[in-house]
Amino acid sequence: MRLTGIQSLGVIGLALAYTITAVAEAALLFYFFTKKFPSITGDHFLRSLNKTAYASLVMVVVTLLVRQGLGMVLDLQTFWGIFLQLALCWMAAVVSYIAAAYLLKSEELDMIIKSFFKKFIIS
């Protein structure tokens, strides 16, 4: 890293400290999670992580496409134009993530749906 010309390394040090802390915290959380739930293996965890990452990638692409399309149609100089773009992008993000997770047969999505129905619909 070449940091010549920078008067204060405080901001860079803060970012580095935050990154190191986040990595250490994730490692500790994973360690304690595997201790509490030994039946969940690393393969199961990685499979779940991959499905979540793919569904998130689909969500990002769809949301960006919807945002770009709405930016050409809506007047983004008004509150209602921006609000409508936000609302429609949010709906596109939620629907695309759920659809992608469903197609990938995500176990987490099944748990969320069952929990939702148990708490709000069936109760």
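The values are calculated or read from the model by the stated rules, or taken from the named source; none is laboratory data. Quantities reported herein were computed from a predicted structural model and do not represent experimental measurements. In this analysis, Cβ positions are derived from the backbone assuming ideal geometry, glycine residues included, and neighbour counts consider all displayed protein chains. These accessible areas exclude ligands, DNA and RNA; they are computed on the full protein's heavy atoms, side chains included. Shrake-Rupley method; radii C 1.70, N 1.55, O 1.52, S 1.80 Å.
Going by the structure shown, is SER96 at pLDDT below 90, open to solvent by less than 90 Å² (accessible area, probe 1.4 Å) and within 29 Å of SER48 (Cα to Cα)? So that I can check it myself, show each step before the final result.
Numbers: at pLDDT below 90: no; open to solvent by less than 90 Å² (accessible area, probe 1.4 Å): yes; within 29 Å of SER48 (Cα to Cα): yes.
Judged against the criteria, SER96 is not a match.
Kindly establish whether ALA101 is surrounded by 14 or more Cβ atoms within 10 Å (Cβ to Cβ), under 16 Å from the mean Cα position of the chain (by Cα) and not hydroxyl-bearing (Ser, Thr, Tyr).
Working: surrounded by 14 or more Cβ atoms within 10 Å (Cβ to Cβ): yes; under 16 Å from the mean Cα position of the chain (by Cα): yes; not hydroxyl-bearing (Ser, Thr, Tyr): yes.
Answer is yes for this residue.
May I ask you to verify whether VAL23 is modelled with pLDDT under 95 and open to solvent by 60 Å² or more (accessible area, probe 1.4 Å)?
Numbers: modelled with pLDDT under 95: no; open to solvent by 60 Å² or more (accessible area, probe 1.4 Å): yes.
Criteria not met by VAL23.
One line per residue, one yes/no per condition, for (1) touching a Ser or Thr at 6+ places or on another chain (Cβ under 6 Å); (2) free of Cβ contacts under 8 Å to residues at least 12 places away in the same chain; (3) more than 25 Å from PHE116 (Cβ to Cβ):
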site	(1), (2), (3)
THR21	no, yes, yes
LYS35	no, yes, yes
TYR97	no, no, no
LEU103	no, yes, no
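Across the stretch 36-55, what is the number of residues that are at pLDDT below 85 and outside any loop (DSSP other than H, G, I, E, B)?
4
Restricting the search to the stretch 68-87, which residues are open to solvent by 60 Å² or more (accessible area, probe 1.4 Å) and closer than 25 Å to LEU109 by Cα?
The one that is open to solvent by 60 Å² or more (accessible area, probe 1.4 Å) and closer than 25 Å to LEU109 by Cα: LEU86.
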